[in-house]
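K.L.:
Next up is a structure, given as structure tokens.
Only the coordinates and a few stated rules stand behind these numbers; no lab work does. What you see is a predicted model; the values in this text were computed from it and never measured. A quick note on method: Cβ atoms are made from the backbone with ideal geometry, for glycine too, and the neighbour counts reach across all protein chains shown.
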Amino acid sequence: MHPYLVPMVASLSLVGCCIEEQILGGFKPKALCIGVGGGALLGFLRAQLGFEVVGIEADKEVLWVARRYFGLLGNESIRVIIGDAIDVIEKFIYHSNGVHEGENGSYLNDGSDENIKFDAIKVDLDSSDATNGTSAPPLEFIRKQVLLAAKLVLCDFGIHAINVISPNRSFYEKLIYEFCEVFHELYEIDVGNGENFVLVATM
């Protein structure tokens, strides 16, 4: 398991009391995971913490590998959308609809779960721009309008956690600035591997 996944999960402790109250009230907390990978984070949130999980993955082959070799199972508690994450978030905002699985393994709006809100958004996406080397997240996820869109699908006490691999200082400073413009508080977790940081923003 990637070392940054532990602080990604641990960031939930910032809103642990709110999530516990929700569970005691008979409601499952919800997480939106942008970037499925092998599915470890989605599976842990569902199996160990009882979350309903929606994953967004742009690459059908990645999803196939996660299901075939890493045991990611789709059920009522883990649903996966194949598509562009920013487009999907905008659909959540404008349609406020739930999703159901289509024949191709993607999920489509079906009119359920009106006003869907997530307790946590977890972003684990690398940049596809090879000229800059390995970096995360992709540059488009640093834009203020994208962060504002993410904020709109979070509940009042929600958190936004993002895996960061910074190619340079200016990239990191821009990311920090944009998050601070949109969210109430921002925390930084040094993963300790000399590469990853996890940023955690709160409402």
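K.L.:
Modelled label-to-label distance, Glu185 and Glu21, 7 Å Cα→beta-carbon offset: nm?
P.N.:
According to this spin-label approximation, the distance is 1.5 nm.
K.L.:
Here is a further query. Computed over the Cα atoms of the range 22-62, what is the convex hull's projected area averaged over all directions, in nm²? Walk me through the intermediate numbers first.
P.N.:
Numbers: hull surface 11.5 nm².
Mean orientational projected area (the range 22-62, Cα hull): 2.9 nm².
K.L.:
Pick out, in residue order, every one of the GluC sites (Glu not before Pro) in the range 1-58 that is DSSP loop and has at most 14 other C-beta atoms within 10 Å; say none if there are none. Don't jump to the answer; show the numbers that get you there.
P.N.:
On the way: sites: Glu20, Glu21, Glu52, Glu57; in loops: none.
Taking the range 1-58 and a limit of 14 other Cβ atoms within 10 Å, no loop GluC sites (Glu not before Pro) are found.
K.L.:
Another one. Given the C-alpha centroids of the range 1-79 and the range 143-170, what is the distance between them in whole angstrom?
P.N.:
Cα centres, the range 1-79 to the range 143-170: 17 Å.
K.L.:
Still on this model: HN-Hα J couplings of the range 13-26 from phi, Karplus 6.51/-1.76/1.60, θ = phi - 60°, integer Hz, Gly and Pro as x?
P.N.:
So the Karplus estimates, Gly and Pro as x, are 4, 5, 10, x, 5, 5, 5, 4, 4, 5, 5, 5, x, x Hz.
K.L.:
Now for a different question. Can you tell me what the convex hull of the Cα atoms of the range 127-193 projects to on average, as an area in nm²? List each step's numbers first, then the result.
P.N.:
Numbers: hull surface 19.9 nm².
Mean orientational projected area (the range 127-193, Cα hull): 5.0 nm².
K.L.:
Can you tell me the alpha carbon radius of gyration of the range 10-93 divided by the globular rule-of-thumb value 2.2 N^0.38 Å? Kindly include the intermediate steps, with their values, before the conclusion.
P.N.:
On the way: Rg = 13.4 Å, N = 84, 2.2 N^0.38 = 11.8 Å.
The value comes to 1.13.
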